[in-house]
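K.L.:
Can you read through this structure? Questions will come right after.
The values are calculated or read from the model by the stated rules, or taken from the named source; none is laboratory data. All figures in this text were calculated on a predicted structure; none of them were measured in a lab. Methodologically, a virtual Cβ is constructed for each residue, glycine included, from the backbone with ideal geometry; neighbour enumeration extends over all protein chains shown. With ligands, DNA and RNA removed, areas are computed over all heavy atoms of the protein, side chains included. Shrake-Rupley method; radii C 1.70, N 1.55, O 1.52, S 1.80 Å.
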Amino acid sequence: MKNIILIAAPAAGKGTLSEMLVEKYGYVHISTGDLLRDASKEDTPLGKKISDMLQSGALVTNEIVFDLLEKRLMKDDTKNGYILDGFPRTLEQAEMYDDTVKRLNLDLGVVIVLESDYETLRMRIVGRMLCEECGSVYNVLTGVNTPKVEGLCDKCGGKLYKRSDDNEESFKTRYDTYLDKTKPLIDFYKEKGIIHFVNSDSKEGMLKATEEILND
Ligand code: AMP
């Protein structure tokens, strides 16, 4: 299976598309945000440093990100195809990743850009709630995936919580960072001829368009 690099603004559907591809095709989903959130829970000076960086919405340093990512890529389960979600975030990371791919003998694969408008993304972030127990995602603003009972998960009854960086201010920072730092990646991958654009407004449409790219 082709490896996939997902490029998208915050809440543009990276997690949702990844989940569908993992379930249907057995892809391994590698989210640098998840790797960092896990690392931030460690009770060490590094864990505390990562936690502070995440809370501010700013990008974490390349040194930390590449260390966590390369360790994850070296595990055997990535051989049958993996999805990179939230990485690379900058042109510098994309250039550094070209070296990683060569060094670890990996395949660059295809790049998929998920597209959606600013207001849709803002509401998805500000209204997002997650289940403490099973990780299911809900939204209390968009009218899509509203929990049936306020504060509780429909699937397992677990308590819902808000990610600490899912607030208005952090969204603005993350969106501006996306425009500023991530969009130049599009030109970088266009030159390599491996980039594709997918509208992320509907789940089904997003999966179908992605499958067409993977089967091409
Ligand atoms: P995400 O879960 O992808 O929305 O990422 C959450 C936060 O993790 C971001 O706001 C950044 O602070 C950090 N982060 C995730 N991926 C990267 C990356 N590739 N480079 C630097 N920071 C990252």
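K.L.:
Against the definition (near the ligand (Cβ under 9 Å from one of its atoms) and closer than 26 Å to SER202 by Cβ), how does LYS24 come out, yes or no?
P.N.:
No.
K.L.:
From ILE194, ILE213, ILE186, grab the single residue that is at pLDDT 90 or above, in contact with a Gly (Cβ under 8 Å, 6 or more places away or on another chain) and β-branched (Val, Ile, Thr).
P.N.:
Matching residue, one of ILE194, ILE213, ILE186: ILE194.
K.L.:
Which members of segment 138-197 meet the condition of being in a strand (DSSP E or B) and either more than 29 Å from THR210 (Cα to Cα) or open to solvent by less than 90 Å² (accessible area, probe 1.4 Å) (or both)?
P.N.:
TYR138, ASN139, LEU152, LYS159, LEU160, TYR161, ILE195, HIS196 - these are the residues of segment 138-197 that are in a strand (DSSP E or B) and either more than 29 Å from THR210 (Cα to Cα) or open to solvent by less than 90 Å² (accessible area, probe 1.4 Å) (or both).
K.L.:
Another question, then. Looking only at segment 128-137, filter to residues that are more than 17 Å from ALA9 (Cα to Cα) and assigned to a strand (DSSP E or B); which one of those is most open to solvent (accessible area, probe 1.4 Å)?
P.N.:
As a first pass, look at segment 128-137 and keep what is more than 17 Å from ALA9 (Cα to Cα): 129-137.
After this cut, where a residue has to be assigned to a strand (DSSP E or B) as well, the list is 129-131, 137.
Details: MET129: 38, LEU130: 23, CYS131: 4, VAL137: 72 Å².
The extreme case among them is VAL137.
K.L.:
Further question on the same structure: Which of the residues that make up segment 34-87 are hydroxyl-bearing (Ser, Thr, Tyr), in a loop (DSSP other than H, G, I, E, B) and either more than 10 Å from the ligand (Cβ to nearest atom) or more than 22 Å from ARG103 (Cβ to Cβ) (or both)? Walk me through how you get there before you give the answer.
P.N.:
Step one: of segment 34-87, the residues hydroxyl-bearing (Ser, Thr, Tyr) are 40, 44, 51, 56, 61, 78, 82.
This time we only want the ones that are in a loop (DSSP other than H, G, I, E, B), so: 44, 61.
Answer for segment 34-87, where residues must be hydroxyl-bearing (Ser, Thr, Tyr), in a loop (DSSP other than H, G, I, E, B) and either more than 10 Å from the ligand (Cβ to nearest atom) or more than 22 Å from ARG103 (Cβ to Cβ) (or both): just THR44.
K.L.:
Only residues in segment 74-91 that are of a type in the set (Asp, Glu) count as the first member; pair them with residues that are away from the ligand (no atom under 16 Å from the Cβ), Cβ under 7 angstrom, at least 6 apart or cross-chain, and list the lot.
P.N.:
Qualifying pairs under 7 Å: ASP77/VAL28.
K.L.:
Let me ask you something else. If you scan segment 99-117, which residues turn out to be open to solvent by 30 Å² or more (accessible area, probe 1.4 Å), part of a helix (DSSP H, G or I) and within 16 Å of the ligand (Cβ to nearest atom)?
P.N.:
ASP99
K.L.:
Further question: Give the number of residues within segment 104-142 that are touching a helix residue (DSSP H, G or I) at 6+ places or on another chain (Cβ under 7 Å), free of Cβ contacts under 8 Å to residues at least 60 places away in the same chain and among the aliphatic types (A, V, I, L, M).
P.N.:
Selection size over segment 104-142: 3.
K.L.:
Sticking with this one: Restricting segment 88-98 to residues that are buried (at least 20 other Cβ atoms within 10 Å of the Cβ) and not in a helix (DSSP H, G or I), which is nearest to the ligand (Cβ to nearest atom)?
P.N.:
Checked segment 88-98; the qualifying residue nearest to the ligand (Cβ to nearest atom) is ARG89.
K.L.:
Sort through VAL101, VAL60 and tell me the only one that's farther than 22 Å from PHE197 by Cβ and in contact (Cβ under 8 Å) with a residue 12 or more places away in the chain.
P.N.:
It is VAL60.
K.L.:
Do you know which residues across segment 198-216 are assigned to a helix (DSSP H, G or I) and hydroxyl-bearing (Ser, Thr, Tyr)?
P.N.:
If we filter segment 198-216 for residues that are assigned to a helix (DSSP H, G or I), which is where we start, we get 203-215.
THR210 - this is the single residue of segment 198-216 that is assigned to a helix (DSSP H, G or I) and hydroxyl-bearing (Ser, Thr, Tyr).
K.L.:
Please go through segment 10-26 and pick out each residue that is open to solvent by 10 Å² or more (accessible area, probe 1.4 Å), under 13 Å from GLY81 (Cα atoms) and either hydroxyl-bearing (Ser, Thr, Tyr) or touching a Pro at 6+ places or on another chain (Cβ under 8 Å) (or both).
P.N.:
Residue satisfying the conditions is TYR25 alone.
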